[in-house]
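Worksheet for the structure shown next.
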Amino acid sequence: MNKLIMCISFLFCVSFMKADVKDEIQSLRSWKAGAVVSNKAIQSFGIDKCFGIDKIGDAVFARMKGNSFKEDSRIPLSDLRYIRALHIDINGNIHLGEMVCHRSIAHDLVEIFRELYKAHYPIERMLLIDEYQADDETSMRVNNSSCFNYRYVKGSGKLSKHAQGLAVDINTLYNPYVKRRANGTLIIQPSTAKKYVNRDACFPYKIMKGDLLYNLFIQHGFTWGGSWRSLKDYQHFEK
């Protein structure tokens, strides 16, 4: 009797696991960004299909319109690309990531993110900024990594590199933008990132000069905001 119960339990578990994998494969096929998937599902689906570049389709544009892609956007939609990439968080969970960028850096980013995935370099979240109504502060507070957002540099009439899809922000909460005012006080973005301004401290998701992410972006011709003199933008890489 005990053997029969064990057999039934085993078959139920196998069936349940198969159903889970099927659901994960469906998430991969439809590229449900943010979903967590297993190595088994990735192997079944095909790792090469998990890193790719597409033109901006109707479904993606519907999310962008009025958010990251404003009515006055002067960049042609045909210059932008939608990227698919896997990424791993600090706990080892594998996520489906997405990003919109300029077509000129699309291949760079796919190669970079594939190398980061292979090395288990942690990236917590990678969703279009449109999931946060294209609001940088909201996106940064949840440590989201993103690229395209048609906006101006704060406090100026100059278009940001993000408006061209040529700047990428990675692990944004833990790698803040920091600028010292004339009176000595600091501008910190996101505003919740004060404890991550001290770059000598130890904490997760910190980008450091010489680490794998830094080296890959530099090798692909990007510059790092963490090396700037007038301010520090530790999350920021641009080309």
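The values are calculated or read from the model by the stated rules, or taken from the named source; none is laboratory data. Because the structure is a prediction, the values reported are computed rather than measured. Neighbour counts are summed over all protein chains in view; Cβ atoms, including those assigned to glycine, are modelled from backbone coordinates with ideal geometry. Remember, those area values only see protein heavy atoms, side chains included, never the ligands or the DNA or RNA. Shrake-Rupley method; radii C 1.70, N 1.55, O 1.52, S 1.80 Å.
In region 181-222, the qualifying residues are those that are of a type in the set (V, I, T) and surrounded by 15 or more Cβ atoms within 10 Å (Cβ to Cβ), and the one that is nearest to A167 (Cα to Cα) is I218. Applying the set (1) assigned to a loop (DSSP other than H, G, I, E, B); (2) touching a Ser or Thr at 6+ places or on another chain (Cβ under 9 Å); (3) open to solvent by 50 Å² or more (accessible area, probe 1.4 Å) to T172 leaves exactly one unmet item: (3). Candidates in region 25-42 are the residues that are β-branched (V, I, T) and surrounded by 15 or more Cβ atoms within 10 Å (Cβ to Cβ); of these, the one that is farthest from E124 (Cα to Cα) is I25.
One line per residue, one yes/no per condition, for (1) of a type outside the set (D, E); (2) under 30 Å from L159 (Cα atoms); (3) touching a His at 6+ places or on another chain (Cβ under 7 Å):
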position	(1), (2), (3)
D48	no, no, no
F51	yes, yes, no
A62	yes, yes, no
G66	yes, yes, no
P76	yes, yes, no
I83	yes, yes, no
I88	yes, no, yes
M99	yes, yes, no
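With the structure loaded, tell me whether A163 is in contact (Cβ under 8 Å) with a residue 60 or more places away in the chain and farther than 30 Å from K49 by Cβ or whether it fails that test. Yes, satisfied.
Conditions (1) under 12 Å from the mean Cα position of the chain (by Cα); (2) over 25 Å from F203 (Cα atoms); (3) among the hydroxyl-bearing types (S, T, Y), marked per residue:
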{"site": "L116", "(1), (2), (3)": "yes, no, no"}
{"site": "N149", "(1), (2), (3)": "no, yes, no"}
{"site": "Y152", "(1), (2), (3)": "no, yes, yes"}
{"site": "T185", "(1), (2), (3)": "no, no, yes"}
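Yes or no: region 163-181 includes at least one residue that is in contact with a Lys or Arg (Cβ under 7 Å, 6 or more places away or on another chain), of a type in the set (G, A, S) and within 23 Å of S68 (Cβ to Cβ). Checking region 163-181: at least one residue is in contact with a Lys or Arg (Cβ under 7 Å, 6 or more places away or on another chain), of a type in the set (G, A, S) and within 23 Å of S68 (Cβ to Cβ).
Remark: N2 falls outside the filter, which requires a residue to be open to solvent by 80 Å² or more (accessible area, probe 1.4 Å) and either closer than 19 Å to I170 by Cβ or at pLDDT 95 or above (or both).
Within region 68-96, the residues that satisfy the criterion of being among the β-branched types (V, I, T) and closer than 16 Å to L127 by Cβ are I83, I88, I94. Scan region 202-212 and tell me whether some residue there is outside any loop (DSSP other than H, G, I, E, B) and in contact with a Phe, Trp or Tyr (Cβ under 9 Å, 6 or more places away or on another chain). Yes: one or more hits. Considering the conditions (1) open to solvent by 50 Å² or more (accessible area, probe 1.4 Å); (2) modelled with pLDDT of 95 or more, V153 is excluded by exactly one of them, (2). Scanning region 156-169 for residues that are open to solvent by 30 Å² or more (accessible area, probe 1.4 Å) and touching a strand residue (DSSP E or B) at 6+ places or on another chain (Cβ under 7 Å), we see that the one that is farthest from I123 (Cα to Cα) is K158. Take the conditions (1) touching a helix residue (DSSP H, G or I) at 6+ places or on another chain (Cβ under 6 Å); (2) open to solvent by 30 Å² or more (accessible area, probe 1.4 Å); E137 misses just one of them, which is (1).
Being over 21 Å from S145 (Cβ atoms), in contact with a Ser or Thr (Cβ under 7 Å, 6 or more places away or on another chain) and either open to solvent by 30 Å² or more (accessible area, probe 1.4 Å) or not hydrophobic (A, V, I, L, M, F, W, C) (or both), is that true of even one residue in region 55-75? Taking every residue of region 55-75 in turn, none turns out to be over 21 Å from S145 (Cβ atoms), in contact with a Ser or Thr (Cβ under 7 Å, 6 or more places away or on another chain) and either open to solvent by 30 Å² or more (accessible area, probe 1.4 Å) or not hydrophobic (A, V, I, L, M, F, W, C) (or both).
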